[in-house]
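Below is one structure, written out as structure tokens, with a few remarks after it.
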Amino acid sequence: MKKKLLWVDDEIELLRSHIIFLSEKGYDVDSVTNGSDAISKIKEIQYDLIFLDEMMPGMGGLETLSKIKEINPNIPVVMVTKSEEESLMNEAIGSKISDYLIKPVVPSQVLLVCKKIFESKKISGEYVAKDYLQDFNEISRKLLDKMDYKSWIEIYTKLVGWELEMDEHPEIGLRQTLNEQKKETNQEFSKFVEKNYLNWLENPNSENTPVLSPQIMEKYVFRHLRNSDGPVFFFILDCLRLDQWFVLEKTLINLFDIQKEYFYSILPTATPYSRNALFSGLFPSQIAKRYPELWGEKKDDERSQNKYEKDLLQLLLNREKIELKTDLKYMKIIDPEVGKSFEQNISSHKKTHFMAVVVNFLDMLVHGRSDSDILKEIAPDESAYRSLTNSWFMHSSLLGTFRKIAQMKNAKIILTTDHGSIRVHRGAKVLGDKEASKNLRFKFGRNLKVDAKHALYIRDPERYMLPRRGVTINYIIAKEDYYFVYPTDYHKYLSHYNDTFQHGGISMEEMILPVVFMESKA
């Protein structure tokens with residue numbers, strides 16, 4: 001069906017060639033010479049686009065625009081004017097015009113505006129599809145080559161970028177292709193980690209070893225503490241995936257100059273291990289040996305095993321002889337009220353040298369979605385999960401806090417996470433005694449057994465820098481998108497946990513994580 005246009009200009013005869021040109025391009029164009037006739041036409045006919053002259057006798061362009069928006073606020077209006085005054089442009093833009101043309105206009109400009117308004121989604125989608133299919137082949141080729149940890153970061157960031165592009169262009173129908181490629185890539189990534197992880201632990205300073213969780217403070221935080229003229233805020237957003245960060249970044253880029261680095265979470269990619277390692281600068285087995293009273297109970301209960309994060313951080317600062325100008329501050333935001341209170345009081349920390357802040361919302365969202373039919377309905381897939389993350393962030397006290405920090409003199413923010421999460425689809429049957437840990441992506445217990453295709457089997461925990469819990473205790477860590485299910489009531493739990501977001505295992509989503517540096521643009 002032809003798009004129907006209305007051109008409003010008191011010198012319409014001078015624009016007759018433009019109207020003929022648009023008609024030849026397939027548009028149905030009406031014309032009138034004043035605002036009053038334009039309003040009458042718009043009340044009778046449903047137009048797809050209006051070109052509106054700003055300078056007309058009688059009812060002027062801006063007044064006509066106001067009346068048009070009263071009749072149909074969603075109709076695109078392109079303002080056409082001889083004036084280049086900034087104030088007029090601002091007024092027109094504030095009145096929600098779709099575009100702005102300066103006379104004399106040429107036919108190609110007019111056609112470009114029409115294409116931008118009517119076909120930009122389609123045209124950009126076609127280019128997105130073309131570019132992705134080129135990258136698809138490039139990524140598939142790279143998977144056949146010898147890969148290092150940097151190559152995996154490059155591939156994963158590309159795939160995440162394409163996921164966000166697909167969010168913008170669902171109409172191109174390549175989502176399933178991307179999902180299948182990501183599944184294949186995670187399969188190869190799991191093999192890569194299984195083959196190289198021990199080498200990383202044994203050769204921490206090798207150029208072939210990525211930065212791991214215990215090195216975050218040394219590699220990325222301490223230099224800012226030593227060279228800071230203002231407060232340094234260290235935010236840990238529990239369970240933040242890279243795709244979620246890219247969503248938050250679109251808002252924060254307006255407030256801060258942003259730089260990014262990447263690191264790998266240790267295994268298991270679960271809070272008691274990865275976040276304690278991050279704060280302490282030690283691997284879990286080292287924490288358990290040096291500070292057994294701070295490692296917590298032998299159960300993997302996140303509440304009991306992450307009670308001492310501030311203590312572990314203070315011990316690390318002491319060991320590294322980092323002298324703070326003020327006492328170390330630590331905050332854990334576990335509910336909206338705590339977040340609001342923190343936002344209201346953040347200005348009191350202008351002179352705080354170093355403050356660590358743990359934000360638990362995303363982790364609670366992951367756990368909540370597993371048991372909530374409403375959350376599953378709201379966020380049925382990764383795309384919707386990103387959208388839900390953005391909706392939370394845009395209305396959160398966390399964004400309000402960042403805005404206030406952006407106004408502080410010489411303030412710096414370092415933002416990272418302890419681990420990500422993956423949407424699981426395949427159950428892996430595991431055998432073990434009833435005392436084994438309850439986690440779905442990793443377990444420790446007596447004589448655990450699982451198919452080696454589905455999990456990394458750890459007989460000697462100490463080699464993996466994990467606490468030895470007993471002679472017969474071993475660990476298993478799920479690969480790709482598998483999750484552990486016991487034979488008892490197998491189908492019940494297989495169904496219950498299918499299509500939930502989990503963490504603790506080996507996948508790009510859980511292991512490849514951002515460290516972000518933000519300094520205020522103000």
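The values are calculated or read from the model by the stated rules, or taken from the named source; none is laboratory data. Please read these numbers as outputs of a predicted model, since none were measured by experiment. Don't worry about glycine lacking a Cβ; one is built from the backbone with ideal geometry, like all the others, and counts go over all protein chains shown.
The table that follows gives values for the structure above.
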{"read-out": "Residue tally, condition β-branched (Val, Ile, Thr) and in contact with a strand residue (DSSP E or B) (Cβ under 7 Å, 6 or more places away or on another chain), over the stretch 167-210", "value": "1"}
{"read-out": "Residue 236 surrounded by 20 or more Cβ atoms within 10 Å (Cβ to Cβ) and assigned to a helix (DSSP H, G or I)", "value": "no"}
{"read-out": "Filter pass, residue 474 being more than 14 Å from residue 288 (Cβ to Cβ) and assigned to a strand (DSSP E or B)", "value": "yes"}
{"read-out": "Breaking point among (1) farther than 30 Å from residue 355 by Cβ; (2) among the hydrophobic types (A, V, I, L, M, F, W, C); (3) touching a residue at least 24 places away in the same chain (Cβ under 8 Å), for residue 406", "value": "(1)"}
{"read-out": "The one condition in (1) assigned by TED's automatic domain parsing to the domain that holds residue 249; (2) modelled with pLDDT under 95; (3) under 18 Å from residue 276 (Cα atoms) that residue 439 fails to fulfil", "value": "(1)"}
{"read-out": "Scope the stretch 482-507; condition surrounded by 24 or more Cβ atoms within 10 Å (Cβ to Cβ), at negative phi and not hydrophobic (A, V, I, L, M, F, W, C); matching residues", "value": "482, 483, 502, 503, 505, 507"}
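Residues are listed down the side, and each one gets a yes or a no for (1) touching a strand residue (DSSP E or B) at 6+ places or on another chain (Cβ under 6 Å); (2) touching a residue at least 24 places away in the same chain (Cβ under 8 Å); (3) more than 26 Å from residue 196 (Cα to Cα):
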| position | (1), (2), (3) |
| --- | --- |
| 142 | no, no, no |
| 145 | no, no, no |
| 149 | no, yes, no |
| 155 | no, yes, no |
| 160 | no, yes, no |
| 165 | no, yes, yes |
